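Read the structure below first, then the notes.
The values are calculated or read from the model by the stated rules, or taken from the named source; none is laboratory data. Values in this document were obtained by computation on a predicted structure and should not be read as measured data. Please note: Cβ atoms are built from the backbone with ideal geometry, for glycine as well, and neighbour counts cover all protein chains shown. The accessibility values were calculated without ligands, DNA or RNA, using every heavy atom of the protein model including side chains. Shrake-Rupley method; radii C 1.70, N 1.55, O 1.52, S 1.80 Å.
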Amino acid sequence: MRILVLCPHFAPDTAPTGTVMTGIVDGLGALGHRLHVVTSSPWYEHHRVESDWQGTVVHHATTGWGTVSRVHPFPGSKTNLVSRAIGFAGFTGLSGLTAAMTASRPEVVLAMSPPITLGVAGVAVGRMRRIPVVFNVQDIFPDVAVDLGMLTDPRLIAVARALERSIYAASDAVTVLSDDLRANVVAKLRPDTADKVRVIPNFVDTARIVPADPHNDYRVEHGLVGRRVVLYAGNVGHSQSLDLVIDAARAFRADPSVVFVINGQGSARAALEQTAAGLDNVVFVDYQPAERLGEVLAAGDIHVVPLRRGLASASVPSKIYSILAAGRPFVASVDEGTEIDRIAQASGAGLAVPPDDPAAFTAALRRLLDDDEAAGQMGRAGRRWVEGWASPAAVAALYADLFTELVAAHRR
């Protein structure tokens with residue numbers, strides 16, 4: 001089958017969504033499908049196009065499974081929503097034009113959100129080519145932006161919600177990561193079209209991410225040797241309640257054996273560093289190369305997954321599966337009954353506490369830090385659980401089956 005993919009990031013870019021889509025595409029390629037991926041030039045780590053990719057607006061490369069076309073991402077301000085919207089519009093327009101001009105004769109389109117505007121490009125190309133469109137939703141927009149207070153103008157919210165619903169309605173299928181996200185999307189569709197929303201989880205590469213010795217080079221480089229590490233690794237943005245990590249660090253300030261590491265970058269990092277000023281048990285580390293992911297995960301004795309109230313029903317951080325693959329326990333601050341809460345209970349690998357509750361969050365960390373044996377058992381339980389859950393090949397096969405179903409129905 002010939003598949004056209006529109007996504008915001010792709011390897012070697014370091015964004016989590018890029019890692020996800022790269023794995024799906026590689027899996028589809030391994031199944032014998034031919035693909036044309038339209039994405040951005042790498043820019044995520046430094047919020048600017050990497051030097052090796054500058055100088056061209058569109059760059060094409062041939063791979064073993066097809067073609068990758070990289071276009072300029074027009075990165076806007078991290079904190080200015082209007083600037084980001086303009087950047088997304090520019091990227092979407094150039095991506096859509098590049099996709100429309102593809103010579104690959106695609107039979108199906110897969111478009112990833114965020115940004116939601118890629119759904120518009122995917123639907124437009126699908127209509128032009130008269131082929132089915134699959135809209136892959138990683139985070140629900142505009143719900144996340146509204147819940148975070150980043151989008152407050154009622155008129156803009158109304159426009160965003162209308163755009164969201166129109167893309168759902170125009171797509172032949174909408175894929176989401178969890179039952180929570182499915183319920184969210186289904187509520188915005190006509191009841192007779194609810195079956196177009198399919199749950200296909202993200203994957204974790206359990207062959208690449210494995211339990212490993214925590215006493216590694218990463219700890220040496222960042223002065224963590226001989227200490228118990230509480231680690232957050234990921235985007236440092238407004239969706240994450242990383243102030244909880246700083247509050248916990250204050251609570252453990254008298255214990256020199258415990259250190260809190262925030263590994264990542266994002267729009268909230270500067271403010272967070274100011275909040276943590278004067279705390280010698282908080283270490284900030286920039287994004288690490290993708291090939292060091294296993295080492296970074298191994299360096300944490302306990303990982304944290306903090307989400308602000310209300311967001312766990314609109315977003316499922318893919319980092320949770322990598323933590324489980326690394327055989328490490330976690331503490332999650334999430335809404336009760338949402339996907340990560342269910343994973344904590346089903347896997348036995350983590351403790352889930354209510355969101356935005358510093359006392360409960362700190363108490364859960366103390367419980368694991370005070371019981372190394374229990375923490376180790378939780379980490380091993382998580383590894384066993386995730387091994388039987390979803391590999392890249394299994395997720396790719398689910399997408400291939402969906403594409404086959406849609407293409408057959410479209411031809412009929």
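Observations on the structure shown:
- Residue in segment 390-404 that is aromatic (F, W, Y) and either at pLDDT 95 or above or in contact with a strand residue (DSSP E or B) (Cβ under 9 Å, 6 or more places away or on another chain) (or both) present: yes
- Subset of segment 229-280 that is modelled with pLDDT of 95 or more and hydroxyl-bearing (S, T, Y) - its residue that is surrounded by the most Cβ atoms within 10 Å (Cβ to Cβ): Y232
- Residues being of a type in the set (F, W, Y), open to solvent by less than 70 Å² (accessible area, probe 1.4 Å) and more than 15 Å from V20 (Cα to Cα) - total across segment 386-405: 1
- Listed by first and then second residue, the pairs with beta-carbon distance under 6 Å, at least 6 apart or on different chains, first residue in segment 326-355 and in contact (Cβ under 8 Å) with a residue 24 or more places away in the chain, second among the polar types (S, T, N, Q) and buried (at least 24 other Cβ atoms within 10 Å of the Cβ), are P355/S333.
- Candidates are the residues of segment 132-173 that are in contact with a His (Cβ under 7 Å, 6 or more places away or on another chain) and either open to solvent by 10 Å² or more (accessible area, probe 1.4 Å) or assigned to a helix (DSSP H, G or I) (or both); the one that is modelled with the lowest pLDDT is L148.
- With respect to (1) without any contact (Cβ under 8 Å) to a residue 40 or more places away in the chain; (2) over 15 Å from D286 (Cα atoms), the lone exception for S239 is condition (1).
- Members of segment 253-274 found to be of a type in the set (S, T, N, Q) and in a loop (DSSP other than H, G, I, E, B), listed by number: S257, Q265, S267
- Within segment 18-130, strands (runs of 3 or more DSSP E) holding 2 or more residues that are touching a residue at least 12 places away in the same chain (Cβ under 8 Å) and open to solvent by less than 40 Å² (accessible area, probe 1.4 Å): 34-40, 66-71, 108-113
- Answer from L311, L244, L307 - the residue that is within 21 Å of the chain's Cα centre (by Cα), over 20 Å from L181 (Cβ atoms) and in contact (Cβ under 8 Å) with a residue 60 or more places away in the chain: L244
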